[in-house]
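Here's the structure, in structure tokens; my notes come after.
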Amino acid sequence: MRILVTGSSGLIGSEAVEHFDRQGHQVVGVDNNMRRVFFGAAGDTTWNLQRLKKATSRFEHRELDIRNREGIAALFKEIRFDLIVHCAAQPSHDKARDIALLDFDVNAVGTINLLEATRQHSPESVFIFMSTNKVYGDAPNEIPVKELPTRYDYARPEDHEGIDENCRIDRTLHSIFGASKVAADVMAQEYGRYFGLKVGVFRGGCLTGPGHSGVELHGFLSYLVKVAVTGQSYTVFGYKGKQVRDNIHSHDVIRAFEEFANNPRPGEVYNLGGGRENSVSMLEAIDLIQEKTGNRIQWAYTDEARKGDHICYISDLRKFQNHYPGWRITRSLNSILEEMVDAQKQHKPA
Ligand SMILES: NC(=O)c1ccc[n+]([C@@H]2O[C@H](COP(=O)([O-])OP(=O)(O)OC[C@H]3O[C@@H](n4cnc5c(N)ncnc54)[C@H](O)[C@@H]3O)[C@@H](O)[C@H]2O)c1
């Protein structure tokens with residue numbers, strides 16, 4: 001297959017490149033290292049691009065901006081893709097506030113540029129769009145929770161498995177990032193439903209793995225591991241540190257994409273996170289990482305939660321598992337953390 005991966009130097013994109021290259025496919029990656037523009041030197045993804053060039057055999061990188069409509073169209077005219085994995089984004093909830101136009105141009109306009117190029121030039125291809133659970137805004141916070149010693153959890157038994165795809169996406173507080181992703185998410189669905197393109201939309205929980213260039217504003221586990229290993233300090237924002245996230249390894253994300261690509265259901269939407277098994281609160285994550293690194297994390301607490309932040313978010317994975325019974329979570333939270341600590345110790349530049 002000829003496969004296009006956007007955001008190919010990022011966490012999810014780089015995992016996709018390696019995975020599909022290993023299988024002998026021709027993979028073209030598009031990434032202009034914009035993560036550095038968003039987050040400064042710590043967000044620079046050059047290390048990952050260099051690593052990919054060494055680790056792959058047929059991978060080809062293009063320093064292209066997904067906002068460049070003509071450039072994207074030219075790439076699609078040049079190569080007829082069988083699969084498009086769209087992961088390029090401005091990924092931070094908090095950052096978007098300061099760069100609202102840039103955030104929208106990358107997340108929403110960049111996505112329609114790719115969808116339209118697909119429709120014009122590769123209409124038979126499968127198009128995977130990496131969306132986010134922030135499309136639900138703060139609606140998940142309406143679910144009653146109970147306070148436990150180290151975390152919040154859902155109070156009602158019917159909520160035990162977490163948030164499913166029926167959670168509403170409007171009339172909630174999203175953040176600017178969440179709203180630009182809603183635009184992209186709905187447009188991607190539309191290209192599936194209206195035009196019949198083989199589009200799949202995946203609403204990520206906390207996606208993680210050693211390929212993350214973790215920064216304070218994005219990639220909490222990766223950043224927390226970095227802080228633990230390098231001795232910097234960490235700030236926990238609100239909810240007594242008991243807010244819960246479900247964490248999925250980038251490998252399990254790509255395996256889900258692969259299952260969808262083999263048997264696409266046009267216009268479908270899936271929640272994709274680590275599920276209850278891989279859920280952790282901030283307080284629990286700090287403890288676990290201290291245990292694994294042997295270092296004390298210096299952390300401070302501020303009472304004010306991040307605007308629109310989820311109190312307890314666990315992805316209900318049942319819809320995807322029903323549609324694709326061959327898929328399951330293969331990497332536990334423990335193994336994810338161990339791999340991240342090893343990667344951080346060996347290291348890549350800070
Ligand atoms: N990491 C998470 O916890 C998480 C959670 C939910 C959803 N997501 C979504 O998953 C996708 C991938 O996230 P990630 O964690 O791999 O992010 P990442 O920042 O590691 O990777 C994104 C890559 O896209 C590139 N990029 C950004 N703007 C670009 C542009 N205009 N043109 C070309 N390349 C550009 C960046 O340089 C970066 O390498 C994003 O859509 C993100 O919103 C991530």
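The values are calculated or read from the model by the stated rules, or taken from the named source; none is laboratory data. The shown structure was predicted, so the numbers you read here are calculated from the model rather than taken from an experiment. With ideal geometry, Cβ positions are generated from the backbone for all residues, glycine too; neighbour counts draw on all protein chains shown. With ligands, DNA and RNA removed, areas are computed over all heavy atoms of the protein, side chains included. Shrake-Rupley method; radii C 1.70, N 1.55, O 1.52, S 1.80 Å.
Numbers for the structure displayed
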item: Long-range neighbours under 7 Å by Cβ, at least six apart or interchain, first residue of a type in the set (Phe, Trp, Tyr) within region 93-122, second modelled with pLDDT of 95 or more and open to solvent by less than 10 Å² (accessible area, probe 1.4 Å); result: Phe104/Ser180
item: Counted residues, region 92-111 - those being in a loop (DSSP other than H, G, I, E, B) and open to solvent by 30 Å² or more (accessible area, probe 1.4 Å); result: 1
item: Pair list, Cβ under 6 Å, 6 or more apart: region 49-78 residue modelled with pLDDT of 95 or more and open to solvent by 30 Å² or more (accessible area, probe 1.4 Å), other residue part of a loop (DSSP other than H, G, I, E, B) and within 15 Å of the ligand (Cβ to nearest atom); result: Glu63/Asn32; Asp65/Asn32
item: One residue from Glu277, Glu291 being part of a helix (DSSP H, G or I), of a type outside the set (Gly, Ala, Ser) and over 20 Å from the mean Cα position of the chain (by Cα); result: Glu291
item: Single residue of Val253, Val225 found to be more than 11 Å from the ligand (Cβ to nearest atom), in a helix (DSSP H, G or I), under 25 Å from Val17 (Cβ atoms) and open to solvent by less than 30 Å² (accessible area, probe 1.4 Å); result: Val225
item: Out of Ala42, Ala74, Ala55, sole residue that is in contact with a strand residue (DSSP E or B) (Cβ under 8 Å, 6 or more places away or on another chain) and more than 9 Å from the ligand (Cβ to nearest atom); result: Ala42
item: One residue from Gly196, Gly200, Gly178, Gly192 being more than 14 Å from the ligand (Cβ to nearest atom), open to solvent by less than 20 Å² (accessible area, probe 1.4 Å), out of contact with any Leu (no Cβ under 8 Å at 6 or more places or on another chain) and not aliphatic (A, V, I, L, M); result: Gly192
item: Answer residue from region 14-27, given it is open to solvent by less than 30 Å² (accessible area, probe 1.4 Å) and either assigned to a loop (DSSP other than H, G, I, E, B) or out of contact with any His (no Cβ under 8 Å at 6 or more places or on another chain) (or both) and is farthest from the ligand (Cβ to nearest atom) among those; result: Asp21
item: Single residue of Ile66, Ile84 found to be touching a Leu at 6+ places or on another chain (Cβ under 7 Å), β-branched (Val, Ile, Thr) and closer than 18 Å to Lys198 by Cβ; result: Ile84
item: Candidate set: region 28-48, residues that are open to solvent by 40 Å² or more (accessible area, probe 1.4 Å) and either part of a loop (DSSP other than H, G, I, E, B) or of a type in the set (Lys, Arg) (or both); chosen: the one farthest from Thr6 (Cα to Cα); result: Arg36
item: Hits in region 312-328 (condition: under 30 Å from Glu147 (Cβ atoms) and either surrounded by fewer than 20 Cβ atoms within 10 Å (Cβ to Cβ) or among the hydroxyl-bearing types (Ser, Thr, Tyr) (or both)); result: Tyr313, Ser315, Arg318, Lys319, Gln321
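A quick yes/no check of all residues on (1) assigned to a strand (DSSP E or B); (2) touching a residue at least 24 places away in the same chain (Cβ under 8 Å); (3) within 24 Å of Arg331 (Cα to Cα):
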| residue | (1), (2), (3) |
| --- | --- |
| Ile169 | no, yes, no |
| Leu173 | no, yes, no |
| Gly192 | no, yes, no |
| Val199 | yes, yes, no |
| Asp246 | yes, yes, yes |
| Phe257 | no, yes, yes |
